[in-house]
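Undergrad: A single structure is presented below for examination.
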């Protein structure tokens, strides 16, 4: 991704620590859009399918309260991961999916390209009925699997690895990532010259599902022997926040449950009590990983052996999330939505 790596001006970068590996995109979406952490929900369940319901507070609802027209986009099936229901509960005004996309997208392998998704974003901007828009777009170009897709009629991998062993699936995935980088150039080139202040946020949902031999090459040891703290590295994906107006350039790592609140903060928008709590928590515990947390000094701790101060902070987070997700009958709405 040479273009994305080259961006420096008006750019914030870093790594997100996501809740899933090799699949389960919607759980990463869930953390970003709600501020809730999957680490405090039972293992094995998909949040969109089990823990979402009407009046799902989060980023879309907050943006709507601040006068933004909100659109969810995904050039795939609307029913995947129960998105059609969840986006409605989250207060997205419309959900543009493969069924109502309009002009057929360009495909790489079996999935709509990033360039097609970005073209749709540009079309929405041009046809806007309100000045302020919040668009949440889930791309699908780089979706697995990667076997049996080399040399298909509409895509030929052009990244070659030089390991002793061959990893054709990894070469396909990396070639797709290269195409994503090229599409991102087009997106930023358009919004660089629009009059309205615009923020573009892109982040990865999870590592791809590839040959474990390839992953072992990456980490320098048998991929199945990673300890609790080493395994956290396999839940890192890059993110970038770019603006077409002057903004401070920084590098910072965090877990995905903080990203929605961070976006609101960087955009100078009003935040809920929950958003403010999460940003205060982020100052001390910027990463809530898989069974472990990392503090602001870079020290990792198992969730089972937290220092007392951190244990109290995590417990407070759990209580707020429980009220938001589980105990909806007694939910304190004033914590999770803006004041009237």
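The values are calculated or read from the model by the stated rules, or taken from the named source; none is laboratory data. Model, not experiment: these values are computed from the prediction. Virtual Cβ from ideal backbone geometry, glycine too; neighbours counted across all protein chains shown.
Undergrad: Being surrounded by fewer than 17 Cβ atoms within 10 Å (Cβ to Cβ), within 30 Å of residue 10 (Cα to Cα) and either touching a residue at least 12 places away in the same chain (Cβ under 8 Å) or over 20 Å from the mean Cα position of the chain (by Cα) (or both), is that true of even one residue in segment 320-332?
TA: No, segment 320-332 has no match at all.
Undergrad: Quick one: which residue in 228, 176, 187, 218 is surrounded by fewer than 16 Cβ atoms within 10 Å (Cβ to Cβ), in contact with a strand residue (DSSP E or B) (Cβ under 8 Å, 6 or more places away or on another chain) and either touching a residue at least 40 places away in the same chain (Cβ under 8 Å) or assigned to a helix (DSSP H, G or I) (or both)?
TA: Testing whether each residue is surrounded by fewer than 16 Cβ atoms within 10 Å (Cβ to Cβ), in contact with a strand residue (DSSP E or B) (Cβ under 8 Å, 6 or more places away or on another chain) and either touching a residue at least 40 places away in the same chain (Cβ under 8 Å) or assigned to a helix (DSSP H, G or I) (or both) leaves just 228.
Yes/no matrix, rows are residues, columns are (1) modelled with pLDDT of 95 or more; (2) in contact with a helix residue (DSSP H, G or I) (Cβ under 7 Å, 6 or more places away or on another chain); (3) surrounded by 14 or more Cβ atoms within 10 Å (Cβ to Cβ):
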position: 241; (1), (2), (3): yes, yes, yes
position: 253; (1), (2), (3): yes, no, yes
position: 270; (1), (2), (3): yes, no, no
position: 277; (1), (2), (3): yes, yes, yes
position: 284; (1), (2), (3): yes, yes, no
position: 302; (1), (2), (3): yes, no, no
position: 315; (1), (2), (3): yes, no, no
position: 335; (1), (2), (3): yes, yes, yes
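Undergrad: Let me ask something additional. How many of the residues making up segment 120-154 are within 28 Å of residue 194 (Cα to Cα), in contact (Cβ under 8 Å) with a residue 60 or more places away in the chain and over 18 Å from the mean Cα position of the chain (by Cα)?
TA: So the count comes out to 7.
Undergrad: Which residue, of 200, 185, is under 30 Å from residue 132 (Cβ atoms) and touching a helix residue (DSSP H, G or I) at 6+ places or on another chain (Cβ under 6 Å)?
TA: 185
Undergrad: Which one of the conditions (1) touching a residue at least 12 places away in the same chain (Cβ under 8 Å); (2) closer than 25 Å to residue 289 by Cα does residue 244 fail to meet, given that it meets all the rest?
TA: Among (1) touching a residue at least 12 places away in the same chain (Cβ under 8 Å); (2) closer than 25 Å to residue 289 by Cα, the lone unmet condition for residue 244 is (2).
Undergrad: Now for a separate question. Go through 157, 208 for me and flag whichever is part of a loop (DSSP other than H, G, I, E, B), more than 23 Å from the chain's Cα centre (by Cα) and surrounded by 17 or more Cβ atoms within 10 Å (Cβ to Cβ).
TA: After applying the criteria, what remains is 157.
Undergrad: Any idea which residue in segment 14-33 is farthest from the chain's Cα centre (by Cα), counting only those that are buried (at least 23 other Cβ atoms within 10 Å of the Cβ) and part of a strand (DSSP E or B)?
TA: The extreme case among them is 17.
Undergrad: Right, another one. Within segment 286-299, which residues are surrounded by fewer than 16 Cβ atoms within 10 Å (Cβ to Cβ) and under 18 Å from residue 40 (Cα atoms)?
TA: Answer for segment 286-299, where residues must be surrounded by fewer than 16 Cβ atoms within 10 Å (Cβ to Cβ) and under 18 Å from residue 40 (Cα atoms): just 291.
Undergrad: Would you check if residue 262 is over 17 Å from residue 7 (Cβ atoms), surrounded by 15 or more Cβ atoms within 10 Å (Cβ to Cβ), without any contact (Cβ under 8 Å) to a residue 60 or more places away in the chain and within 13 Å of the chain's Cα centre (by Cα)?
TA: Against the criterion (over 17 Å from residue 7 (Cβ atoms), surrounded by 15 or more Cβ atoms within 10 Å (Cβ to Cβ), without any contact (Cβ under 8 Å) to a residue 60 or more places away in the chain and within 13 Å of the chain's Cα centre (by Cα)), residue 262 qualifies.
Undergrad: Further, regarding this structure: For segment 40-67, name all the residues that are closer than 18 Å to residue 256 by Cβ and in a loop (DSSP other than H, G, I, E, B).
TA: Within segment 40-67, 41, 43, 45, 46, 51, 52, 56, 57, 58 meet the criteria.
Undergrad: Taking only segment 190-205 into account, find how many residues are outside any loop (DSSP other than H, G, I, E, B) and over 22 Å from the mean Cα position of the chain (by Cα).
TA: Total satisfying the criteria: 1.
Undergrad: Which ones in segment 112-137 are in a loop (DSSP other than H, G, I, E, B) and closer than 26 Å to residue 157 by Cβ?
TA: 113
Undergrad: Could you look through segment 34-46, keep only residues that are modelled with pLDDT of 95 or more and more than 17 Å from residue 237 (Cβ to Cβ), and pick out the one that is surrounded by the most Cβ atoms within 10 Å (Cβ to Cβ)?
TA: Across segment 34-46, the extreme among qualifying residues is 35.
Undergrad: Pairs please, first residue from segment 298-313 and touching a residue at least 24 places away in the same chain (Cβ under 8 Å), second anywhere and assigned to a helix (DSSP H, G or I) and crowded, with 17+ Cβ neighbours inside 10 Å, Cβ atoms under 8 Å, 6+ apart in sequence or on different chains.
TA: Final answer for the pair search is 300/232; 303/39; 303/314; 313/281.
Undergrad: Follow-up. Among the residues of segment 72-111, which ones are crowded, with 19+ Cβ neighbours inside 10 Å, in contact with a strand residue (DSSP E or B) (Cβ under 9 Å, 6 or more places away or on another chain) and either part of a strand (DSSP E or B) or free of Cβ contacts under 8 Å to residues at least 12 places away in the same chain (or both)?
TA: 72, 73, 74, 95, 96, 97, 108
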